[in-house]
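The next block holds one structure in the form of structure tokens; read it before the comments.
Just so it is clear, none of the values below were taken in a lab; they were calculated from the coordinates. Just so it is clear, the model here is predicted, and its values are computed rather than measured. All Cβ positions, glycine included, derive from the backbone under ideal geometry; neighbour counts span all protein chains shown.
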Amino acid sequence: MIPIAAADASGWATGAIQDLKLLGSQDALTAISGLPDGIVTIAYSGPAGEGLLPWGTEAWKCLEGSVGELVAGSGQLLLRGHHEHVLADAPACLGWLDRCQESGHGCGIALSPASMLAPAMLETMEDHLVRMFEYLGPRCQAVIIEDLHLSDGGAIRGVTVGKGILKGSLVGQLLDTHVPDSVPVVVQAVDLKEAQRWLWPD
């Protein structure tokens with residue numbers, strides 16, 4: 001059984017692992033003063049700066065600069081992707097891991113499948129989820145699981161598991177297949193049992 005991790009955020013399932021700090025989308029990397037010792041901080045990569053393309057060279061340089069200043073300490077940083085941010089998809093996250101390996105930055109990836117799904121991807125979201133886990137599951141250092149709500153206007157946002165459109169059993173199967181058992185999984189759920197029930201109903 002993959003461990004379900006705790007996080008300091010309302011609505012996230014509580015488990016045995018207490019050394020994670022999960023930041024919201026409003027917490028820009030440039031606003032973080034430092035990384036606490038002994039704690040894994042998980043943050044979004046953030047959007048590209050004004051006038052910059054998310055996949056452009058300058059946006060990546062800005063991200064590398066922000067991360068370089070943070071990881072100089074003893075805390076650990078993991079970045080999670082978002083379809084509107086610099087790390088928008090699985091290939092971008094893989095590229096980031098390769099850059100960190102080359103530069104020596106002590107920064108990894110937290111696989112965040114729901115936040116990397118764009119509205120245009122929802123008709124074939126199961127295929128996209130499979131590819132995300134195939135690409136990033138073996139190399140990620142944490143997994144962030146939440147459900148996805150689609151509004152009447154077409155906007156999407158993360159919600160508690162079981163309250164959205166994702167199929168929990170598929171996510172659980174992908175976790176079992178592609179993510180090492182030692183990797184912590186953070187789930188937005190009412191409690192730990194509900195998280196386990198949604199991911200592994202049988």
With -39,500 (n - 2.57) per DSSP H segment of 4 or more residues and division by the full residue count of the chain, the 222 nm estimate, nearest 500 deg cm²/dmol, is -9000 deg cm²/dmol
Any lysines whose Cα falls less than 22 Å from that of Lys167, other than same-chain ones fewer than 8 residues away, would be Lys193
The summed charge of the Val171 Cβ neighbourhood (under 15 Å; Lys/Arg +1, Asp/Glu -1) stands at -4
Dipole check, the chain, charges on Cβ (K,R +1; D,E -1), about Cα centroid: among Cys62, Ser25, Leu117 the Cα furthest to the positive pole belongs to Ser25
Exposed-loop cut sites defined as GluC sites (Glu not before Pro) in DSSP loop states with at most 15 other Cβ within 10 angstrom; longest site-free run of the chain spans 85-202
The equivalent-ellipsoid semi-axes of the range 69-184, taken as the square roots of five times the Cα gyration tensor eigenvalues and listed largest first in whole Å, are 25, 16, 13
Residue span Glu123 to Asp152: 0.36 nm per residue of separation minus Cα-Cα distance leaves a gain in nm of 8.9 nm
Amide H proximity to Leu166 below 5 Å, modelled H, separation 5+ or other chain, gives Leu148
If each K or R counts +1 and each D or E counts -1, the residues other than Trp198 whose Cβ falls under 13 Å of its Cβ total -1
Per the rule of 0.36 nm per residue minus the C-alpha distance, extending Lys167 to Ser103 adds in nm 19.3 nm
Cα-based Rg then Dmax for the chain, in Å, read 16.0, 49
To the nearest 0.05, the calculated FRET efficiency linking Arg197 and Glu69 through their beta-carbon distance, R0 being 41 Å, is 0.50
